[in-house]
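K.L.:
Questions regarding the structure given below will be posed in turn.
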Amino acid sequence: MRERRVLMVASEAVPFAKTGGLGDVAGALPLALASLGHDVTLVLPRYRGATGGTPAGSTQVSLGGRVFDVAYAEHALADRARAVLVECPDLFDRAELYGVGAHDYPDNAARFAVLARAALEYGAGQHPAPDIVHAHDWQAGLAPVYLRTLFAGRAGIAEAAAVFTVHNLAYQGLFPPVWMPALDLGWELFGIEGIEYWGKLSFLKGGVNFSEMVTTVSPRYAREIQTPELGFGFDGILRRRGRRVRGILNGIDDAAWDPAADPHLPAPYGPDTLDDKRLSKRALLERLGLSAGDEALARPLVGMVSRLVDQKGFDLLAALGDSLLSLGAAFVVLGSGEPRYQEMWQALADQAPDRVAFRAGFDEPLAHLIEAGADIFLMPSKFEPCGLNQMYSLRYGTVPVVHAVGGLDDTIENWNGRTGAGTGFKFRAYTPEALRGALVKALAAFEDRAAWRAMQRAGMSRDFSWSASAAAYAEVYEAAIRARKRARGK
Ligand code: ADP
């Protein structure tokens with residue numbers, strides 16, 4: 001294996017800033033790559049609240065005639081990994097990362113163009129130069145574009161290969177064409193092969209079209225986004241790049257999500273001490289004010305931790321409504337999102353207060369206790385690029401019931417009642433009946449204690465650690481470097 005130098009660009013990363021899955025991945029991947037021997041510099045904005053770091057130079061970024069003073073602060077992450085925070089208070093010292101409420105900041109195009117430029121400037125100053133520029137999601141989408149335009153004459157970094165990772169195709173970074181000159185993008189780029197998308201400029205399209213390799217966060221999602229049903233209008237663009245598109249499953253933080261060492265549980269447990277999982281079940285039922293006697297402990301408990309939006313399958317659950325109560329299970333649901341889904345779950349809880357509990361909001365400790373205390377974890381997403389909760393569930397011996405889509409399909413093996421093989425239950429048609437059917441099957445299997453134990457243990461034995469994912473990214477880097485060499489005629 002060649003040890004590569006990677007310049008990573010992302011708009012958020014744990015532990016500095018996070019609004020979703022991107023933050024987890026951008027935080028974990030540099031460490032996993034570094035432990036394989038690669039050298040990673042992760043560049044992200046310095047948002048309000050992020051402090052510290054060692055001053056690591058400054059520069060001026062001129063953008064459409066405006067000049068931004070930028071300073072860099074370096075934070076060591078590991079032996080071969082560091083984060084470089086881009087300080088530019090005018091752009092990044094704000095209350096939120098991307099906007100307030102449903103309103104994006106009106107200058108997001110400039111903010112993230114400056115991020116891309118500042119990252120490339122930093123990389124251009126590195127010796128030896130980066131082999132790879134790895135950009136994540138639309139916010140970093142202009143990094144590959146500038147690499148091939150403004151930085152094309154800069155020896156060193158100009159030779160780097162670009163890799164772009166799509167975490168969620170639903171966000172495309174669309175801006176009116178007046179931004180083209182304001183971002184120093186020549187009009188020759190404003191075409192169908194370039195970064196124009198239905199009359200607008202798309203940062204996401206820039207990332208997809210100007211990178212040697214494109215990845216997304218599960219193999220199945222990589223295929224799905226090349227179809228009209230799940231391509232959000234980008235299927236044609238991605239099909240054209242088909243050979244260059246790969247799917248790599250996200251890993252999970254297996255230290256934070258470990259039932260044998262989880263501070264949020266009343267007692268640890270593992271594959272050989274599964275009886276102790278019951279203590280988490282009791283604690284969960286008690287904490288949520290549900291019955292927690294012997295009868296309740298014997299009754300199957302279905303858990304959900306989710307954003308309450310259509311994407312996550314709440315439209316199917318709403319269609320099932322009251323009939324969920326006749327399944328003979330108890331339900332615990334934690335989530336925030338659309339008021340109509342909050343009202344629906346609250347109404348079910350009011351109807352069956354001993355068997356249904358709903359908590360609105362974001363609650364990390366409760367999320368852990370639900371993963372541990374539930375018997376079944378429900379994730380009926382309409383689409384799911386990767387999904388993390390189903391992987392946590394497997395680790396916690398909590399059997400997932402999922403819609404067979406995206407990362408859910410890749411990570412869950414459907415249970416086979418005849419052979420006893422499998423780790424969960426999948427349904428294929430996105431209909432309330434199919435969801436109900438999968439739940440009924442899971443609840444029936446729950447009654448067969450030995451079969452259930454075998455399924456729990458099978459799930460707990462699966463490996464979703466970052467090291468396998470990082471090795472797959474390293475292979476993509478090699479493919480990108482080969483493609484870049486071919487393009488340069490070497
Ligand atoms: P997505 O990124 O589409 O929301 P994922 O399953 O990939 O879905 O990741 C969601 C992450 O956010 C998981 O770690 C999950 O536990 C967490 N999460 C979602 N909603 C809540 C909540 N209400 N409280 C605590 N954690 C939550």
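K.L.:
Measure nothing fancy, just the Cα-based angle from helix 432-446's long axis to the longest principal axis of the chain, in degrees from 0 to 90, nearest 10.
P.N.:
60
K.L.:
Considering only the range 274-463, what is the antiparallel percent among its DSSP beta bridges, to the nearest 5?
P.N.:
0
K.L.:
Step through the residues of the range 26-37 one at a time and calculate ³J(HN,Hα) from phi using the Karplus curve (6.51 cos²θ - 1.76 cosθ + 1.60, θ = phi - 60°), rounding each to whole Hz and writing x for Gly and Pro.
P.N.:
5, x, 8, 4, x, 5, 5, 5, 5, 6, 8, x
K.L.:
Quick one, can you get me the convex hull of the C-alpha atoms of the chain expressed as volume per residue in Å³?
P.N.:
Taking only Cα atoms, the chain has a hull volume of 151 Å³ per residue.
K.L.:
Same structure again: Could you tell me which residue out of Leu285, Val14, His167 lies farthest along the dipole of the chain toward its positive end? Charges go on the beta carbon: Lys and Arg +1, Asp and Glu -1, centred on the Cα centre.
P.N.:
Of Leu285, Val14, His167, it is His167.
K.L.:
Can you run phi through the Karplus equation (6.51, -1.76, 1.60; θ = phi - 60°) for the range 106-115 and list ³J(HN,Hα) in whole Hz, with x for Gly and Pro?
P.N.:
Each residue of the range 106-115 in turn: x, 9, 4, 4, 5, 4, 8, 5, 5, 4 Hz.
K.L.:
How do 224-232, 469-477, 113-121 rank on mean C-beta neighbours within 10 Å, highest first?
P.N.:
So the order, starting with the most tightly packed, is 113-121, 469-477, 224-232.
K.L.:
List the relative contact order of the chain as a percent without decimals, with contacts defined as Cα pairs under 8 Å and 6+ residues apart.
P.N.:
12
K.L.:
Now, a different point. About the Cα centre of the range 100-165, what is the dipole size in debye to 20, counting +1 per Lys and Arg Cβ and -1 per Asp and Glu Cβ, all else neutral?
P.N.:
140
K.L.:
Amide H of Ser336: which non-local residues (sequence gap of 5 or more, or other chain) have their own amide H closer than 5 Å, using H built in the peptide plane?
P.N.:
For Ser336, the qualifying residues are Ser306, Leu308, Gly361.
K.L.:
Something else about it: For Val399, what residues show an amide H to amide H distance below 5 Å, using hydrogens built from the backbone and excluding near sequence neighbours?
P.N.:
Hits under the 5 Å cutoff: Ile376, Phe377.
K.L.:
Another one. Starting at 0 and stepping by 5 Å, how many percent of the alpha carbon pairs of the range 274-463 end up in each bin?
P.N.:
Whole-percent P(r) values from 0 Å outward: 1, 8, 18, 23, 23, 17, 8, 2, 0.
K.L.:
What whole-number value in Å² describes the accessible area per residue of the chain for a 1.4 Å probe?
P.N.:
Roughly 39 Å² per residue, with all protein chains present.
K.L.:
Rounded to the nearest Å, what's the spacing between the alpha carbon centres of the range 27-63 and the range 190-236? Just the number, please.
P.N.:
26
K.L.:
Take the solvent-accessible surface of the protein heavy atoms, probe 1.4 Å, and return the percent of it on the range 274-463 that carbon and sulfur atoms account for.
P.N.:
After summing per-atom areas, the C and S share lands at 50 percent.
K.L.:
Specify the angular offset, from 0 to 90 degrees and rounded to the nearest 10, of the alpha carbon long axis of helix 339-351 from the longest principal axis of the alpha carbons in the chain.
P.N.:
With rounding to tens, the tilt is 10 degrees.
K.L.:
Given +1 on the Cβ of Lys and Arg, -1 on the Cβ of Asp and Glu, and no further charges, what dipole in debye does the range 365-423 carry about its Cα centre, rounded to the nearest 20?
P.N.:
The dipole magnitude comes to about 80 debye.
K.L.:
Between helix 449-460 and the chain, what is the angle of the helix's C-alpha long axis to the longest principal axis, kept within 0 to 90° and rounded to the nearest 10?
P.N.:
Between the helix axis and the principal axis of the chain, the angle is about 10 degrees.
K.L.:
Which of the three applies to the range 386-477, rounded, prolate or oblate, going by the alpha-carbon gyration tensor with a ≥ b ≥ c and a/c under 1.5 meaning rounded?
P.N.:
Note, shape of the range 386-477 comes out oblate.
K.L.:
Once phi is turned into θ = phi - 60°, what whole-Hz ³J(HN,Hα) does the Karplus curve with 6.51, -1.76 and 1.60 give for every residue of the range 118-124, x standing for Gly and Pro?
P.N.:
5, 5, 5, 4, 4, x, 5
K.L.:
Right, something else. Given just the C-alpha atoms of the range 1-55, how large is their convex hull per residue in cubic angstrom?
P.N.:
Output value, Cα hull per residue: 88 Å³.
K.L.:
Show me 380-388, 364-372 ranked by packing, highest mean number of other Cβ atoms within 10 Å first.
P.N.:
380-388, 364-372
K.L.:
Right, something else. What residues qualify as long-range amide H neighbours of Cys386, i.e. H under 5 Å apart, gap of 5 or more or another chain, H built at 1.01 Å from N?
P.N.:
Gly407
K.L.:
Mind ranking 402-415, 66-79, 122-135 by how tightly packed they are, going by the mean number of other C-beta atoms within 10 angstrom, highest first?
P.N.:
Result, highest mean first: 402-415, 122-135, 66-79.
The values are calculated or read from the model by the stated rules, or taken from the named source; none is laboratory data. Since we're looking at a predicted model, the values are computed, not measured. Here Cβ is always computed from backbone atoms with ideal geometry, including for glycine, and neighbour counts include all displayed protein chains. Remember, those area values only see protein heavy atoms, side chains included, never the ligands or the DNA or RNA. Shrake-Rupley method; radii C 1.70, N 1.55, O 1.52, S 1.80 Å.
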